[in-house]
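Structure record follows, encoded as structure tokens.
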Amino acid sequence: MAKKPDTSSRIADNKKAAYNYFFEERHEAGMVLHGWEVKALREGKVQLTDGYVIIKDGELFLIGCQINPLKTASTHVSPDAARIKKLLLHKEEIRRLIGKVEQKGYTLVPLNLHWKDGRVKCEIALAKGKAEHDKRDTIKDREGKREVERAMKSRHR
């Protein structure tokens, strides 16, 4: 499993993923990007919430990740914000993920984009979808933690 990257190098997070899925395992994948996309990522012009990963011909592709081009993009480049991006992983890891995804209920979701050694990495997770009652439990737990924090804060005053 991949280590958690430090928060200073984070580009974008998919906060919706933790609400909609249970994560089984996490992997860090490289991304094939164009130059204008890297510049836009440095400015933080990315949306990851609707993104998902598909497997096609033994390769991983990120779909639904919006990278909005900068206004200063070159005139000879025609940027496409919703371009399909190829993800880079070792062949053995991809084969193992293919086996897991073919099982019922498993999918690959992007969790975040971050910088690592000057390169953009995408953390993806093998995930299983949550049922409606599981989502309600998540909300109930979150509300309970908030109430406890409020009580502790008011108690220490």
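The values are calculated or read from the model by the stated rules, or taken from the named source; none is laboratory data. Just so we're clear, the structure is a prediction, and the values are computed from it rather than from any experiment. Virtual Cβ from ideal backbone geometry, glycine too; neighbours counted across all protein chains shown. SASA here: full protein model, heavy atoms, side chains in, ligands and nucleic acids out. Shrake-Rupley method; radii C 1.70, N 1.55, O 1.52, S 1.80 Å.
Numerical summary
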read-out: At 0.692 mPa s and 37 °C, Stokes diffusion of segment 66-151 via Kirkwood alpha-carbon radius, µm² per second; value: 191 µm²/s
read-out: Relative contact order (%) - criterion: Cα under 8 Å, at least six apart; region: the chain; value: 30 percent
read-out: Heavy-atom SASA rank of 32, 53 (probe 1.4 Å, accessible area, largest first); value: 32, 53
read-out: Members of 86/135; 39/85; 45/135; 56/121; 15/140 lying beyond 23 Å, as alpha-carbon distances in this model show; value: 86/135; 45/135
read-out: Per-residue SASA entry for residue 146, accessible area with 1.4 Å probe, Å² rounded to 10; value: 100 Å²
read-out: Square roots of five times the Cα gyration tensor eigenvalues for the chain, Å; value: 30, 23, 14
read-out: 102, 25, 132, 59, reordered so the largest accessible area comes first (probe 1.4 Å); value: 102, 132, 59, 25
read-out: Summed side-chain charge close to residue 68 - residues other than residue 68 whose Cβ falls under 12 Å, Lys, Arg +1, Asp, Glu -1; value: +1
read-out: Where 50, 117 fall by accessible area, highest first, once all protein chains stay in place (1.4 Å); value: 117, 50
read-out: Of 107, 148, 120, farthest towards positive along the dipole that unit charges on Lys, Arg, Asp, Glu beta carbons give the chain; value: 148
read-out: Alpha-carbon centroids, segment 29-44 and segment 87-131: separation in whole Å; value: 19 Å
read-out: Size of electric dipole in the chain: Cβ of Lys, Arg +1 and of Asp, Glu -1, about Cα centre, debye, nearest 20; value: 560 debye
read-out: Solvent exposure of segment 10-130 as accessible area per residue, Å², 1.4 Å probe; value: 56 Å²
